[in-house]
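Here is the structure we will look at, set down as structure tokens.
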Amino acid sequence: MVKRLEIKINEEPKVVEAQFPYNTEFDNYNIEIKKPKLVNHYILFDYTISTKDNSPIEEDDFHITGSPSFPDTAYFVSAHDILRKVENNKMRIVNVGIIVARKDYDKYVNNFDFLVSAREKGSSKNLFEEKRVDTTIKVDGVVYPDKENYKEIKKTFKLDDIDFEVLSIGDFDFGSCIPIFVGNISEEKGKEIENKYALRVEEENINAIYDLEKWVGFYEQVIKRYSNIDPSYNANSQYDQFYMGKIFYNPKEVNKENVKIYLINKETNEEVRIN
């Protein structure tokens, strides 16, 4: 599915809260859209998909991505998947759309479009022979920010003369999401960072390393556009890169109060604690 990059500016809507979870059907699929979680730097979308005839489902059978409207000015990147979990005829999809810049990070969003691309019932699963059907699901109404189990960091940590700006830490039932921003670098340096650096998580029941994943990067022209929205960005940067640290664990087996998270150089093991 093509990811969309867009600025949305809308007039003030009627403030009517959107009704989630939202349930609907399409082709051979039952679709449950849970309430999106809106925080300063991203929106997390959580879906449960099941087949109506109880036939097994595969990861590529169904794709969905959500996008809201903003009552203020914002620069938003449509959602990337962070989790796909299949169990027989059901699949859970979790994805995150990044709010790169916004005039008012504490304001609500509204009127969602969910773009769906699904493999048609009975279609071949061969990439060149399959038949897919597309639709847009619209859910009107407002969603307000939800800061529960979310910690704003917005702090820069220096490692090997690179400034890593850790934006936040969000805890969910599957683990944690940690968006990280590195500004004014080259695209080549951005790739090097992805390969060389990671997050190390330490707790009584966990001692694991999770790679940083390149999320989205921008060049000068786009940087100037979103730095006009949020002046905290360097308008003269040559290249900006967002990363996502995805930490998967069972929250029932972990005491979050004792979790220590480090940004680590995988080659030298030099590290800095970020929480």
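The values are calculated or read from the model by the stated rules, or taken from the named source; none is laboratory data. All of these numbers come straight from a predicted model, not from anything done at the bench. So basically every Cβ, Gly included, is an ideal-geometry build from the backbone, and we count neighbours across all protein chains shown.
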Collect the residues in the range 168-193 that are in a loop (DSSP other than H, G, I, E, B) and acidic (Asp, Glu), keeping them in residue-number order. Asp173
So which residues in the range 197-226 are assigned to a helix (DSSP H, G or I) and touching a strand residue (DSSP E or B) at 6+ places or on another chain (Cβ under 6 Å), if there are any at all? Ile223, Tyr226
Counting just the residues of the range 68-90 that are in a strand (DSSP E or B) and over 18 Å from the mean Cα position of the chain (by Cα), which one comes out nearest to Ser232 (Cα to Cα)? Thr73
Can you find even one residue in the range 160-178 that is loosely packed, with under 12 Cβ neighbours inside 10 Å and outside the structural domain of Ser69 (by TED's automatic domain parsing)? yes
On the basis of being out of contact with any Gly (no Cβ under 8 Å at 6 or more places or on another chain), among the charged types (D, E, K, R) and surrounded by fewer than 19 Cβ atoms within 10 Å (Cβ to Cβ), does Lys214 make the cut? no
Looking for something touching a residue at least 60 places away in the same chain (Cβ under 8 Å), more than 22 Å from Asn269 (Cα to Cα) and not in a loop (DSSP other than H, G, I, E, B) - is there at least one such residue anywhere in the range 159-167? yes
Answer residue from the range 101-127, given it is in a loop (DSSP other than H, G, I, E, B) and among the aromatic types (Phe, Trp, Tyr) and is surrounded by the most Cβ atoms within 10 Å (Cβ to Cβ) among those: Tyr108
Could you identify the single residue in Ile57, Ile93, Ile64, Ile98 that is crowded, with 17+ Cβ neighbours inside 10 Å, assigned to a loop (DSSP other than H, G, I, E, B) and outside the structural domain of Asp240 (by TED's automatic domain parsing)? Ile57
Taking the condition within 29 Å of Lys34 (Cβ to Cβ) and in a helix (DSSP H, G or I), does Lys252 pass? yes
Could you list, ordered by first residue, the pairs with Cβ atoms under 6 Å in which the first is in the range 99-111 and touching a residue at least 24 places away in the same chain (Cβ under 8 Å) and the second is of a type in the set (Ser, Thr, Tyr) and outside any strand (DSSP E or B), at least 6 apart or interchain? Val100/Tyr226; Ala101/Tyr226; Tyr108/Tyr144
Take the range 237-274 and flag every residue that is closer than 15 Å to Gly175 by Cα, in contact (Cβ under 8 Å) with a residue 40 or more places away in the chain and surrounded by fewer than 16 Cβ atoms within 10 Å (Cβ to Cβ). Phe248, Pro251, Glu253, Asn255, Lys256, Asn258, Lys260
Please find, among Asn23, Asn89, the residue that is without any contact (Cβ under 8 Å) to a residue 12 or more places away in the chain and either on the phi < 0 side of the Ramachandran plot or among the hydroxyl-bearing types (Ser, Thr, Tyr) (or both). Asn23
Could you run through the range 217-236 and say how many residues are crowded, with 16+ Cβ neighbours inside 10 Å and of a type in the set (Gly, Ala, Ser)? 2
Here are some residues: Lys138, Lys131, Lys125. Which one is within 23 Å of Leu115 (Cβ to Cβ) and in contact with a helix residue (DSSP H, G or I) (Cβ under 9 Å, 6 or more places away or on another chain)? Lys125
Counting just the residues of the range 225-244 that are more than 17 Å from Ile162 (Cα to Cα) and of a type in the set (Gly, Ala, Ser), which one comes out farthest from the chain's Cα centre (by Cα)? Ala235
